[in-house]
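The values are calculated or read from the model by the stated rules, or taken from the named source; none is laboratory data. Keep in mind it's a predicted model, so treat the numbers as computed, not measured. Please note: Cβ atoms are built from the backbone with ideal geometry, for glycine as well, and neighbour counts cover all protein chains shown.
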Amino acid sequence: MFALMDIWHTILNIVHSADVIHLGLMAVIAIIAGFMMMELSSLISVTVIALIAYAIVNFIYAIILQHADVTGLLTADWKAFEAMTALLLLSYAIMFGVVIAVVSTVRGLVLG
């Protein structure tokens, strides 16, 4: 039970600490992935692809709109990825997976 509470609090921390732009990027990528997914059996692979797409879009956002240094950002992002805990990665995967599954199910029910 404590593990579920840790995951839940990490998800809430992600949602509450992110700004509107990053939450919007997460939502758009998850919705697009949900529309592209054909069946629920591919949820894990689509979630991993959506997480990679979010990382790439976040990187491009930092370079283009925030005028960050590319080499410094690559190094900083790699160090941040190395320091990322499994709990944080699992929480991101659960958030993306739930949204992708809901969007795919609704798309399947509405569009047939």
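Only one entry in Ile29, Ile52, Ile44 is over 26 Å from Met5 (Cβ atoms), exposed (fewer than 14 other Cβ atoms within 10 Å of the Cβ) and modelled with pLDDT of 95 or more, namely Ile52. Scanning the range 29-57 for residues that are in a helix (DSSP H, G or I) and over 10 Å from the mean Cα position of the chain (by Cα) yields a total of 15.
Within the range 16-25, take every residue that is free of Cβ contacts under 8 Å to residues at least 12 places away in the same chain and in contact with a helix residue (DSSP H, G or I) (Cβ under 9 Å, 6 or more places away or on another chain) and give me the one that is farthest from Ala93 (Cα to Cα). Steps first, please.
First pass over the range 16-25, keeping only residues free of Cβ contacts under 8 Å to residues at least 12 places away in the same chain: 16-20, 23-24.
Checking the rest, the ones that are also in contact with a helix residue (DSSP H, G or I) (Cβ under 9 Å, 6 or more places away or on another chain) come to 18, 23.
Working: Ala18: 16, Leu23: 14 Å.
Filtering first and then ranking leaves Ala18.
Annotation note: of Thr105, Thr75, the sole residue that is within 24 Å of Ile7 (Cβ to Cβ), over 15 Å from the mean Cα position of the chain (by Cα) and of a type outside the set (D, E, K, R) is Thr105.
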